[in-house]
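Notes to accompany the following structure.
The values are calculated or read from the model by the stated rules, or taken from the named source; none is laboratory data. Values in this document were obtained by computation on a predicted structure and should not be read as measured data. Note that each Cβ is placed from the backbone with ideal geometry, even for glycine, and that neighbours are counted across all protein chains shown. For the accessible areas, the whole protein counts, side chains as well, though only heavy atoms, and no ligand, DNA or RNA atoms are used. Shrake-Rupley method; radii C 1.70, N 1.55, O 1.52, S 1.80 Å.
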Amino acid sequence: MSIEVAELRKGALSLVTGLLLAAATTLAFVAPAQAQGIVEGKQYARIKPVAVESGKKIEVIEFFSYGCPHCGEFEPTVQEWLKSAPADVSFRRIPVNFQPRWVNLAKAYYTLEAMGEDQKLSPELFSAIHSKGLALWDTDKFFDWAATKGLDRKKVEDLFNSFTISGKVNRATQLAQVYNIQEVPTVIVDGKFITSPGRAGSHAATPGVINELVAKARAERPKS
């Protein structure tokens, strides 16, 4: 083997070794960053604590509206997350009233909730508004729609117009103000963390962020 060929091979070997070392160094920096998980100020923020209503369970609230197309897009993700939500989590929804027509949609939500039909019919109500173009903020159209889903139209109408439902809508408005909700969907975890699909990066990424915040909230709760 000539001296020139030997030197060329030696140089090539050194180059390959150098590239491998550089790649290993890059991975060494990337891996810890990935292992850090969610970052405060990016995927979530810590807010002024608000007393939860879930007792020993960790409260997860979704602020939403049936009138919000982004909430409709997020709904399948919420439904899927609920199937495997941690056992020590208490989930509830709070409708917001950013627009006048959303007030009736909030009443529609609490009516379905009172009848135990909210989780089953929420995806269909979203679809009726955003895919089929039904104006379900119109009370008669909502009552008619509910009847097509097998609900007693008169009972739906009576509940919808009751003081109980109006009181819940007023309370929801107060809570949205307490939490300073500026957009929907927004998720609050244990009264102290706020996140959203926008913060998480996508609808699909949001359940993972929620679960990490649940774990963080669990670790911060006083040991009983």
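Straight-line cross-link reach from LYS155 at under 30 Å between alpha-carbon atoms covers these lysines, not counting any fewer than eight positions away in the same chain: LYS83, LYS107, LYS120, LYS132, LYS141, LYS168.
When only alpha carbons are used to place a centre, region 40-70 and region 174-194 end up 5 Å from one another. Take the Cα radius of gyration of region 100-179 and divide it by 2.2 N^0.38 Å, N being the number of residues; the result is 1.05. For LYS192, LYS48, LYS155, the ranking by accessible surface with the largest value first comes to LYS48, LYS155, LYS192, using a 1.4 Å probe.
Protection proxy ranking of 94-101, 145-152, by the mean of other Cβ atoms within 10 Å over each peptide's residues and highest first, is 94-101, 145-152.
For region 195-224, backbone nitrogen atoms closer than 14 Å to the point 7 Å from LYS42 Cα along Cα-to-C-beta are found at 199-202, 209. Here region 45-177 exposes an accessible surface that is 51 percent carbon and sulfur, computed with a 1.4 Å probe and the other protein chains kept in place. Dividing the C-alpha radius of gyration of region 137-224 by 2.2 N^0.38 Å, with N its residue count, gives 1.51.
With distances taken between every two different alpha-carbon atoms, region 66-148 has a Kirkwood hydrodynamic radius of 13.3 Å.
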